[in-house]
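The values are calculated or read from the model by the stated rules, or taken from the named source; none is laboratory data. The structure displayed is predicted, hence computed values, not measured ones. Here the Cβ is made from the backbone with ideal geometry for all residues, glycine too, and neighbour counts use every protein chain on show. Calculation scope for accessible area: heavy atoms of the full protein, side chains included, ligands and nucleic acids excluded. Shrake-Rupley method; radii C 1.70, N 1.55, O 1.52, S 1.80 Å.
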Amino acid sequence: MANHEWPRRGGAAATGLVTLHAIGGMATAAAWARSRGWKGNTNQFEQNVIERLLRANLVAVREKNYCVTADGLAYLGFAKAPHQDDVKQMPAPSRYVHPVQPLNLKRHRPARVIRAGSMDFRAAPSLIGDQVVAYKGPGSFSGAN
């Protein structure tokens, strides 16, 4: 059966199916409507709820009682779990670990060639207010103090 023929979640038919399952899975139409809190009469309940569930094969009629079918249980999310014999036990695969590779030096930039005297400005003190402050930047070079 196609999904569009099933009752809409939260609708009257779907709520009626949940109620039937909650009261034991089997009840007469009048008792089912009463436990559902149906405001209309029993004929309206049969038209709006029971007939939709019968067409979708979610409910079956046994004598004068209505009961939830296996499709109805599957619709509610109570599908029977497969037998343990049917399920093959497969071990979980190990996690993938990337193989260790040596460091690729070609991808890293080589050290810059620094022209002689290019860092002499770091040796000259700066003025902050009336105080003389030496350069405190990152790195240490032979000419900077």
**Prompt:** Quick one: which of 42, 69 is at pLDDT 85 or above, over 15 Å from residue 15 (Cβ atoms), open to solvent by less than 100 Å² (accessible area, probe 1.4 Å) and polar (S, T, N, Q)?
**Reply:** 69
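Can you tell me how many residues in region 59-81 are free of Cβ contacts under 8 Å to residues at least 12 places away in the same chain and assigned to a strand (DSSP E or B)?
To start, the set of residues in region 59-81 that are free of Cβ contacts under 8 Å to residues at least 12 places away in the same chain comprises 60-61, 63, 70, 74, 77, 79-81.
If we keep only those that are assigned to a strand (DSSP E or B) as well, we get 60-61.
Adding up the residues that qualify gives 2.
Counting just the residues of region 45-58 that are out of contact with any Pro (no Cβ under 9 Å at 6 or more places or on another chain) and not in a loop (DSSP other than H, G, I, E, B), which one comes out most open to solvent (accessible area, probe 1.4 Å)? Spell out how you get there, then give the answer.
The initial filter retains those residues of region 45-58 that are out of contact with any Pro (no Cβ under 9 Å at 6 or more places or on another chain), namely 45-48, 50-51, 54-55, 57.
This time we only want the ones that are not in a loop (DSSP other than H, G, I, E, B), so: 45-48, 50-51, 54-55.
On the way: 45: 0, 46: 63, 47: 110, 48: 69, 50: 3, 51: 91, 54: 70, 55: 161 Å².
By that ranking, first place goes to 55.
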**Asked** Under the condition of being open to solvent by 60 Å² or more (accessible area, probe 1.4 Å) and either in a loop (DSSP other than H, G, I, E, B) or in contact with a Gly (Cβ under 6 Å, 6 or more places away or on another chain) (or both), which residue from region 11-35 is farthest from residue 68 (Cα to Cα)?
**Response** 23
**Complete:** Given (1) at pLDDT below 80; (2) of a type in the set (Phe, Trp, Tyr); (3) under 30 Å from residue 28 (Cβ atoms), residue 75 misses just (1)
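How about region 23-39: which of its residues are closer than 18 Å to residue 74 by Cβ and in contact with a Ser or Thr (Cβ under 8 Å, 6 or more places away or on another chain)?
Correct list: empty.
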**Request:** Could you look through region 124-145, keep only residues that are of a type in the set (A, V, I, L, M, F, W, C) and either modelled with pLDDT under 80 or in contact with a strand residue (DSSP E or B) (Cβ under 9 Å, 6 or more places away or on another chain) (or both), and pick out the one that is surrounded by the fewest Cβ atoms within 10 Å (Cβ to Cβ)?
**Result:** 127
**Prompt:** Taking only pairs six or more apart or across chains, which ones have beta-carbon atoms under 9 Å, a first residue in region 102-117 that is open to solvent by 100 Å² or more (accessible area, probe 1.4 Å), and a second residue that is not basic (Lys, Arg)?
**Reply:** none
